[in-house]
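Colleague: Below you'll find the structure I mean.
The values are calculated or read from the model by the stated rules, or taken from the named source; none is laboratory data. Predicted, not measured: the structure shown is a model, and the values here were computed from it. Just so you know, the surface numbers come from the protein's heavy atoms only, side chains and all, with ligands and any DNA or RNA stripped out. Shrake-Rupley method; radii C 1.70, N 1.55, O 1.52, S 1.80 Å.
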Amino acid sequence: MDSAFDGIVVADERGIIRSFNPAAQRLFGYSEAEALGQPVGLLMPEPHRSQHQRYIGRYLETGDKHVIGVGREVEAVRRDGERLPIYLVVNEFDSRLGRCFAAVLHDVSAEVEARDLRDRLTRAERLGAMAEMTAAVAHEMNRPLSVLAVYAQVARELAESGSAGSRLVCALQNIIEQTRQAGLAVERVRRLFQGGEPSFEATDVNTLVSETVELARTDTSPQGVMIEFSPGADLPTLRCDPVQIQQVLRNLFCNAIEAMAEIECRNGRTIRVSTWADGGSVHVAVRDSGPGIDAQAVDDIFEPFQSSKKDSLGIGLAISRTIVLNHGGNLHGENVVDSNGRTIGASFGFALPV
């Protein structure tokens, strides 16, 4: 008992301390002389201190073991009144003094502090995830809502002019499509942040890219931007989540459109999209003729909330990278330079394993 690392306190059936080892003295701040002969409730906080004698009497009368032989984490009280968490194990034995109880007390302050820290970090991570998810939803919803507003305005003007015809039907169809896209955006982000698995299915990459290009042309026309698609030949069928990969493509298209809208492009306003197969992967590249990637931001472009554009949340590329990584692929970006070493645009692309 004298050499034990944990505190050991022995009390008789009246709850009087009969033994108080050196570790218990260090733990509670009482000397052996001060502790011996005192009620063991001295080491407990209220209301247990006042009730302890009743606890012992109930056990002696009924044999109902609430603490005996059962380890549990409880609070104890030091001499200076400070509370400390301990792991308590109480066992019963017979001695020349009659029935006695030996309590082994292990200080778990460090463990409790570490657990509290982990809990705080977990809460902080959840709050961070909620912030990212909110930003992601805002990012994904902004474009379909903006397009919805445009088509709704067109539909109203056509209806008011009395010359609706097929143009009104087309506008309403586009409203329906953009509403569907908004719903899909929310579902994609929710699934992404809940850690849901992508819904993999056999996909023809060229068809997927072609469909996304057609959707993107709605956004490029007002900006005077053209999209050219050069599909690769004989591409293998890819197993992927087509909705999520379309999300990546739409984000790359949007970034390219915004990049070329900000400057006077000497090399035209054309987005060039290409696909090809190489090394067991299918590659997709989106190239623009904008100002290129800022040298100071090149290392951070895939990090959340990093953007050189005004009013941008800087979340699109971070989401896109997460999607591509979840598919076992990689997403990259680089500047495009001419023969004189001048930057003439940027190229973003991804590779997905077959």
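Colleague: Suppose we keep just the DSSP beta bridges with both residues in segment 26-119; what percent of those would be antiparallel, to 5?
Modeller: Taking every DSSP beta bridge with both residues in segment 26-119, the antiparallel ones total about 95 percent.
Colleague: Find the accessible area per residue for segment 23-116; the probe is 1.4 Å, ligands and nucleic acids are left out, and the unit is Å².
Modeller: On a per-residue basis, 60 Å².
Colleague: Hey, any idea what % of segment 1-87's accessible area is carbon plus sulfur with a 1.4 Å probe?
Modeller: Taking all protein chains in place, segment 1-87 shows 50 percent carbon and sulfur surface.
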